[in-house]
Amino acid sequence: MVHVTIQQTTRAAQTATDRGRRVTVVKNRHVPLVGSTLLAIGVALAAANLRPAVTSLASVLGDVRSALGVSAAWTSALTAVPALCFGFAAFAAPWLGRRLGMARAIGLSLGVLTLGLVLRVIDGPWVVLGGTFIACAGIAVSNVLIPVVVKASFPNRVGLITGVYTGTLSAGAALAAALTPRLEEYLGSWRLAVGAWALLSLGAVVVWFAGARHGSSATVVKPATTAAPRSLLRSPLAWVITVFFGLQSLFAYTVMGWLPAMLVDAGVDRNTAGMLLAVSMLLSVPVSLFVPPLAARFSSQGPMVLVLGVLSFAGILGMLVAPAAAPGLWVLLIGFGMGMFPLALLVMSLRTKSTSDTARLSAMAQSLGYLIAASGPFAFGLLRDTTGSWTISLVLQLVLLAALTALGWVAGRPRYV
């Protein structure tokens, strides 16, 4: 019976090939993850760990700088490391996804994140930089691959799961910014306070491996000759989305890295400044839960980009003109405006026809986009130290926000890369 079945399968494969098709057995690790409730929880918990590595350190950056005795250039370099690492490491994410499968690739990235969070608090300035780079390398892989999992495993709920993903990501950033200064006071050490976030990351590893399960292997009949996909580097729309993503990341990481310092210079005490940073992050949670499902219902996401761009512009303009007059209001506007991030991720899914195109566009937009973003926090800090004020830095932010909004309007138009 087994011999007959093998013969029948062989003949079927030969017949398919003769008709101009080929039979391909898809390996288990290349089958999309099963879109279960536990997987959705795993996506959410993984997302919650993708920003504390940045905001936990930013909220106690003054104490870190004083304890390590480092220069302003080192501090600016530290604020640039996350975006720089996200850019370089994102190039490897699609390869890891193909080689290991989504379950193992994302699980490995969360493990690397946990290792980096521990390493960076055990020694001096260069170890802090190195550990931050390792942690952000793990984050970069998940940054690229999780949107692919959302599109492949939850095809009928892309807007909702994208909202959950970006909402918990923002919540994690907010909690780290708000709680780290208080953990430092309670534990008596910035190292323990910053390193404590490795426990949350370790929990995400456990939940991810519990919920991430590939579907069964399948036999797929494909055309015998399949044209190689067109390079996205030749797609004008792919470049618009890439620069759009890069500029919104530049804005977000500049805010995460320097907002507390700007508020302190405006006369706000350190704890309140950290809390206001948390508020700006926390505000993007409801925005993330509300905006993607709503935007996905419309053919164009341009109007939503315009609304968020205007809010961001107003917040930065307030910080420029009268930072001490109403810091809470400026932070409120900036926080709502940073809801541009979930829109950028949603656009990657909506402007592609297949999960493979989503993976390629996600890798391109995040690798090149984060390299664009890396210049922001570094230049922002150096301009402050060179000029003695935040004026020029904030004026440049306003110019970039205008460009970001214009690119987002174009990226939101209904077409495909």
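The table for this structure:
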read-out: Potential lengthening between Lys353 and Ala73 on full extension [0.36 nm per residue; Cα-Cα distance subtracted]; value: 96.4 nm
read-out: Degrees, to the nearest 10: 355-387 long Cα axis against longest axis of the chain; value: 10
read-out: Estimated FRET transfer efficiency when R0 is 41 angstrom, pair Leu199-Val307 (beta carbons, to 0.05); value: 0.65
read-out: Cβ crowding within 10 Å averaged over residues, with 325-338, 142-155 ranked highest first; value: 142-155, 325-338
read-out: Extension gain (nm, one decimal) between Arg104 and Ala266, 0.36 nm per residue minus Cα-Cα; value: 53.7 nm
read-out: Whole-number accessible area per residue in Å² for segment 309-410, which is evaluated in the context of all protein chains at 1.4 Å; value: 35
read-out: Förster-model FRET efficiency, 30 Å R0, Phe88 and Val321, C-beta, rounded to 0.05; value: 0.20
read-out: Segment 258-272 and segment 329-407: distance between their alpha carbon centers, rounded to Å; value: 22
read-out: Modelled label reach - Asp385, point 7 Å along Cα→Cβ, segment 62-100 residues with backbone N closer than 13 Å; value: 65-66, 69-80
read-out: Accessible-area composition of the chain, carbon plus sulfur, in percent [1.4 Å probe]; value: 69
read-out: Helix-only CD estimate at 222 nm, as mean residue ellipticity for the chain, using -39500 (n - 2.57) per DSSP H run (n ≥ 4); value: -26000 deg cm²/dmol
read-out: Overall form of segment 158-298 per C-alpha gyration tensor (a/c, 1.5; a/b vs b/c); value: prolate
read-out: Inter-probe distance in nm under a simple model that places probes 7 Å from Cα toward Cβ, at Ser300 and Tyr186; value: 5.0
read-out: Compactness index (Cα Rg / 2.2 N^0.38 Å), segment 36-162; value: 1.15
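The values are calculated or read from the model by the stated rules, or taken from the named source; none is laboratory data. Please read these numbers as outputs of a predicted model, since none were measured by experiment. Ideal geometry is used to build each Cβ from the backbone, glycine not excepted, and the neighbour counts take in all protein chains shown. For the accessible areas, the whole protein counts, side chains as well, though only heavy atoms, and no ligand, DNA or RNA atoms are used. Shrake-Rupley method; radii C 1.70, N 1.55, O 1.52, S 1.80 Å.
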